[in-house]
Amino acid sequence: MRIISKLQAAKGEGGQVTLEAENAEDLWMLYNLIAVDDTMQGTVSRKLKSEDGRAAERRKLTLALAVSDPPVLDIDASILRVKGNNLTQSQFVHKGASQSMDIECNSRVTLAKQDWDAHAWELLNEAADQTRTQDVAAIVMQEGHASVCLLSDHMTIVKASVTHGIPKKRGAAAAGRPKAISKFYGSVLEAVLEHIPLDGNSHIKAVIVASPGFVRDEWLAYAKAEAVRRGHKDLLKSLTSVPPRFISVHTSHGNLGALSEALKDEHTDFCIF
């Protein structure tokens, strides 16, 4: 979160802060900061009729809203929606009219509170902390499905989901099983290389690989073989480092919910903290 300016904003007092949400986690922090009766100023999109009243066009307006409802966060779309009543004198929107404001990544908004209580003030300063990074990644997988994620203090950001049909071990399609598994593992690896930085400048200190059965270990063996075949030094170093950067963790299932189970594992604790 980038703080643009503070106007008489202090802990225990009223005031306003202009800030820019730079990523999905910033939207989450803003979601927790905004409360009913706060004032939000930012850009809204509104459909307006032309002067002749025949056609309509969508126009962007800068309005201030008295927040009337708790904000709604769509994590998948990375949109925070704030609903309130217009406080700005405008030829296009009546004062007091109900209006919603969609805040996306890189949106600049001004948040005003009558009282920056201890909780809100702590959240604001934490959000503005430039040292706060997503330094742990995770691959949660089971046969045919994997989620590649980045983890922060407050949320899990799913960067990619990989799904492939895998034939059963018995039956007419069983002969195509090895090829399907190899293709699935390859797709997971490409998602990892795209979304998890592994070079020398990377801030990622650990990658949790969680699954039931032997899926995670088979994928790790596949990734190591591919690193050797491709001459991918950063990947190979990450897979063979001591202590390990890739941490293999057994979970009872391979859905995203298994991540909380993996984070409680003693091996994860030891390698991350």
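Before moving on, here are some points about what is shown:
- Residue count for the range 11-30 satisfying the condition of being farther than 18 Å from ILE79 by Cα and not in a strand (DSSP E or B): 4.
- Checked against the criterion of being of a type outside the set (Val, Ile, Thr), closer than 13 Å to ALA138 by Cα and modelled with pLDDT of 90 or more, the range 225-245 has at least one qualifying residue.
- Single match in ASP69, ASP37, ASP102 (criterion: more than 27 Å from ALA160 (Cα to Cα), acidic (Asp, Glu) and either without any contact (Cβ under 8 Å) to a residue 60 or more places away in the chain or touching a Cys at 6+ places or on another chain (Cβ under 6 Å) (or both)): ASP69
- Residue list for the range 72-99, restricted to those being among the hydrophobic types (A, V, I, L, M, F, W, C), closer than 30 Å to SER147 by Cβ and in contact (Cβ under 8 Å) with a residue 40 or more places away in the chain: LEU73, ILE75, ILE79, LEU80, VAL82
- Residues in the range 129-167 that are modelled with pLDDT of 85 or more and assigned to a loop (DSSP other than H, G, I, E, B): GLU143, GLY144, HIS164, GLY165, ILE166, PRO167.
- Any hit, the range 201-216, residues being in contact with a Lys or Arg (Cβ under 9 Å, 6 or more places away or on another chain) and without any contact (Cβ under 8 Å) to a residue 60 or more places away in the chain: no
The values are calculated or read from the model by the stated rules, or taken from the named source; none is laboratory data. Remember, it's a predicted structure, so these values are computed and weren't measured experimentally. Cβ sites come from the backbone with ideal geometry, for glycine too, and all protein chains shown count toward neighbours.
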